[in-house]
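The values are calculated or read from the model by the stated rules, or taken from the named source; none is laboratory data. What you are looking at is a predicted structure, and each value in this text was computed from that prediction instead of being measured. Glycine also receives a Cβ, built like all others from the backbone with ideal geometry; neighbour counts cover every protein chain displayed.
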Amino acid sequence: MSVNGLWTSEIYGLHGWENTGVVVLDNGRTMGGGRNHYSVGTYRLSENEIDISLVITYHGSPRTLFGSSDSQLSLRFNGQHDDGVIEGSVYREGNPKQTLSFRLTRRADIH
């Protein structure tokens, strides 16, 4: 199954699943954004496993993630995709021991 498409993104936080914007996966590239940020990066697939590297840049108030509110974050997402959902863990590049859970849900194909 191809993962190319438009996905909504959520991170599991103190109050449960929180919407963090949209992500477009397109032939190894990824880009996205939300009300206060944009992101660019790449992804790799191996069967049903996915590895996503993203740089998130805030153009509004930075969101506090991983104990800091930096205006730019380099993140790594590792997960599995199945039936229109990608689930796994995300960590700040260089600190794989501090992780959060994430979920992407497919919303549309891209052509």
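Examine the stretch 70-84 for a residue that is under 11 Å from the mean Cα position of the chain (by Cα), touching a residue at least 60 places away in the same chain (Cβ under 8 Å) and surrounded by 15 or more Cβ atoms within 10 Å (Cβ to Cβ), and state whether such a residue exists. Looking for residues that are under 11 Å from the mean Cα position of the chain (by Cα), touching a residue at least 60 places away in the same chain (Cβ under 8 Å) and surrounded by 15 or more Cβ atoms within 10 Å (Cβ to Cβ), one finds none in the stretch 70-84, hence no. Scanning the stretch 85-111 for residues that are touching a residue at least 60 places away in the same chain (Cβ under 8 Å) and more than 17 Å from Val22 (Cα to Cα) gives a single hit, Leu100. Out of Ser2, Ser9, Ser53, Ser61, one residue alone is surrounded by fewer than 16 Cβ atoms within 10 Å (Cβ to Cβ) and under 20 Å from Ser101 (Cα atoms). It is Ser53. Going through (1) surrounded by 11 or more Cβ atoms within 10 Å (Cβ to Cβ); (2) assigned to a loop (DSSP other than H, G, I, E, B) one by one, His111 falls short only on (1).
Hey, any hits in the stretch 33-44 for a residue that's within 14 Å of Ser2 (Cα to Cα), surrounded by fewer than 18 Cβ atoms within 10 Å (Cβ to Cβ) and modelled with pLDDT of 95 or more?
Yes, the stretch 33-44 contains at least one residue that is within 14 Å of Ser2 (Cα to Cα), surrounded by fewer than 18 Cβ atoms within 10 Å (Cβ to Cβ) and modelled with pLDDT of 95 or more.
Residues that are of a type in the set (D, E, K, R) and modelled with pLDDT of 95 or more within the stretch 94-105 comprise just one, Arg103. Could we say that Thr30 is loosely packed, with under 14 Cβ neighbours inside 10 Å and either at pLDDT below 90 or closer than 27 Å to Lys97 by Cβ (or both) here? Here the answer is no, as Thr30 does not meet what is asked. All conditions but one from (1) modelled with pLDDT of 95 or more; (2) among the small types (Gly, Ala, Ser); (3) touching an Asp or Glu at 6+ places or on another chain (Cβ under 9 Å) apply to Ala108; the one that does not is (3).
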